1. Starting from the range 43-59, take each residue that is in contact (Cβ under 8 Å) with a residue 24 or more places away in the chain and at positive phi and list its partners that are in a strand (DSSP E or B) and surrounded by fewer than 18 Cβ atoms within 10 Å (Cβ to Cβ), counting only C-beta distances under 9 angstrom and pairs at least six apart or across chains.
2. Of 3, 40, 13, 17, which residue is within 9 Å of the chain's Cα centre (by Cα) and at pLDDT 95 or above?
3. Name the single residue, out of those in the range 33-54 being touching a helix residue (DSSP H, G or I) at 6+ places or on another chain (Cβ under 6 Å) and more than 14 Å from residue 74 (Cβ to Cβ), that is surrounded by the fewest Cβ atoms within 10 Å (Cβ to Cβ).
4. Check residue 63 against each of (1) free of Cβ contacts under 8 Å to residues at least 60 places away in the same chain; (2) surrounded by fewer than 18 Cβ atoms within 10 Å (Cβ to Cβ); (3) part of a loop (DSSP other than H, G, I, E, B) and name the one condition it does not meet.
5. Could you please tell me which pairs satisfy a Cβ distance under 6 Å, a separation of 6+ or placement on different chains, a first residue in the range 88-110 that is modelled with pLDDT of 95 or more, and a second residue that is part of a helix (DSSP H, G or I)?
6. Every residue in the range 76-110 that is touching a strand residue (DSSP E or B) at 6+ places or on another chain (Cβ under 6 Å), part of a loop (DSSP other than H, G, I, E, B) and surrounded by fewer than 18 Cβ atoms within 10 Å (Cβ to Cβ), please.
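The values are calculated or read from the model by the stated rules, or taken from the named source; none is laboratory data. Quantities reported herein were computed from a predicted structural model and do not represent experimental measurements. Don't worry about glycine lacking a Cβ; one is built from the backbone with ideal geometry, like all the others, and counts go over all protein chains shown.
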């Protein structure tokens with residue numbers, strides 16, 4: 001599963017999670033750091049990414065449009081990159097199951 005990290009998350013997550021999510025990317029190096037949610041949504045859909053964001057916007061798009069792409073919504077508040085990484089690692093099994101579940105478009109991680 002490839003993750004696409006939104007602007008509100010650190011680009012360092014790509015490297016720190018590469019052992020469990022190879023092929024992941026952050027929007028900044030892709031030139032999408034200031035792109036609209038619609039552009040990111042379509043990019044993720046076309047490229048086979050799961051969007052990871054701290055914003056509700058992508059969850060709302062998933063509800064309105066369906067999926068793909070799938071969305072991982074991090075409800076962690078203002079936190080360090082390490083806390084975000086730890087939360088994602090702690091939920092690896094749930095994230096993997098979510099990626100294979102054809103009935104769910106958003107996974108919330110707290």
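1. Pairs found: 48/2.
2. Among 3, 40, 13, 17, only 3 is within 9 Å of the chain's Cα centre (by Cα) and at pLDDT 95 or above.
3. Here the residue is 37.
4. Failing condition for residue 63: (3).
5. Pairs found: 105/62; 106/59; 106/62; 107/98; 109/87.
6. Correct list: empty.
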